[in-house]
Every structure is written in structure tokens, then in C-alpha cells.
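Engineer: The structure that follows is given in the form of C-alpha cells.
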Amino acid sequence: MALILNIETATKNCSVSLANEGKTIALKELNDGAYSHAEKLHEFIEGVVKEAGVGFSDLKAVAVSKGPGSYTGLRIGVSAVKGLCFALNIPMISIHTLKSLSHAISITDGYIIPLLDARRMEVYSSVFNENYEFVRNVQAEIITEASFSEFLSEKKCYFLGDGAEKCKELIKSEHAVFLDDKFPSANEMSALSYIKYKKSDIEDVAYFEPFYLKDFVAIKPKK
């Protein structure tokens, strides 16, 4: 039995799964439009462990969504995972957020384009083929009418994630398919973290940092 705890906090979805050999056996998540990670994360962690009827000492590893995504959300998730790995003396695994999101759908041909909102008309994006292989690595980019035209000219492109709405307004192509209500989830992390666990593809707990892609910019609250 290889029990792995998976934690996803890169976006507004606070998501935790417990998986056995790559299959989710317990899942708790909340995507209410607000960042509720600080309030809900530890509650969800305790909840999935209890629901599965196991103890924290039974865990073989803990996986975290490493970004890109929300600076604060990523910090909360990584801090929680580091604490668990130190306390339990078990490996830490990181999962690329856009890679995980791409696994929310299955296609036989075309491109999967996961998009995360990065404020204004900017998104974090990447492009995958039907085998979930990187066709284009992650970028932070401003969405225009010409975005992803090189891929849209070839095959169907499936846009998903909370940044897809920005594309829908500008990109007009018969090859563009926009999928609603798809977001990074610890459920899709289950299989990916088990693959890494079997390869001993783990992180240095002391020195690991999330993949922010952009520097943190503080915004003054409105008076």
C-alpha cells in the first residue's frame, strides 16, 4: 500500500486528496470564488485521512502543486507540505500545476491548453498534446486575438482553467473548444504523484521553492 497525500492550493480551489497507488480514495475541495486555503487546508487534510480510515504514520509521501499560480496560495500549500514531511520524515513530491490541470480532460487528437488567471488579460499557460506531453512550456502572456494561432491552425485546441474565459472573448476559431468548470484539483494529482514516487523523483524539503513564474507584486487595498 502506497498512500500519498496530495495538496493543491495554486488557485482559488483548495483541494486535498488521499490516494493509494495512484487512485484517489478520499477527496475534499472547495472552490467558492475566494482564497479559503488558510481556513480550510488543514481541516481538509485531517478529513481525508480520517475518511480513509488511516493514520498520518501510514503516509508514504506528500505531494504539492508547485505552480504557477497564486503566490499566497502556493506559499500556504508548500509550507503545509514541508511541515508534514519534516514531522513524518517522508518524501516531498512536486507536481506542475498546469500538467495536473491538463489531466482534467482526455482527448484522442488535438491540443490541451490549460490556462490560469494571472490578473487583467494575462494568463499562465502551456500546451500539451493528447498524450499530456509538453508541446510548449509554461509562459505568462497577454491574451490577444492572435494567441495560440499556430496551434489553432493545425488542430482542435481545448482551453480549460479559470483563464479560459479571457480567451473565449477574443479567440474566434472553429478549432477552439472552451471547457467550463475545470480547475486544478488534487484528484488529478493522485496518479501523477504516484508515478514520481515510484521513480523516487522527490524534492529537497529544506530548499524547495514554488514555481512562481512572476515576482510577487503587492497591491494596496482600496480605501
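Engineer: Give the number of residues within the range 172-217 that are more than 14 Å from PRO91 (Cβ to Cβ) and among the small types (Gly, Ala, Ser).
Structural biologist: 6
Engineer: What is the residue count in the range 179-193 for residues that are within 11 Å of the chain's Cα centre (by Cα) and either small (Gly, Ala, Ser) or surrounded by fewer than 19 Cβ atoms within 10 Å (Cβ to Cβ) (or both)?
Structural biologist: 2
Engineer: Next question, about the same structure. Looking at the structure I just gave you, is GLU169 part of a loop (DSSP other than H, G, I, E, B) and free of Cβ contacts under 8 Å to residues at least 60 places away in the same chain?
Structural biologist: For GLU169, the condition - part of a loop (DSSP other than H, G, I, E, B) and free of Cβ contacts under 8 Å to residues at least 60 places away in the same chain - is not met.
Engineer: Here's something else I'd like to know. Select from the range 1-25 the residues that are at negative phi and among the acidic types (Asp, Glu) and list them in ascending order.
Structural biologist: GLU8, the sole residue that qualifies.
Engineer: When the residues of the range 112-146 are narrowed to those that are under 17 Å from PRO68 (Cβ atoms) and of a type in the set (S, T, N, Q), which ends up surrounded by the most Cβ atoms within 10 Å (Cβ to Cβ)?
Structural biologist: SER125
Engineer: Next question. Filter the range 178-197 down to the residues that are polar (S, T, N, Q) and in a helix (DSSP H, G or I), then identify the one that is nearest to ALA10 (Cα to Cα).
Structural biologist: Going through the qualifying residues, I end up with ASN187.
Since every read-out is calculated from the coordinates, none of them should be taken as a lab result. Since this is a predicted model, take the numbers as computed values, not measurements. No Cβ is skipped: glycine too gets one built from the backbone with ideal geometry, and neighbour counts run over all protein chains shown.
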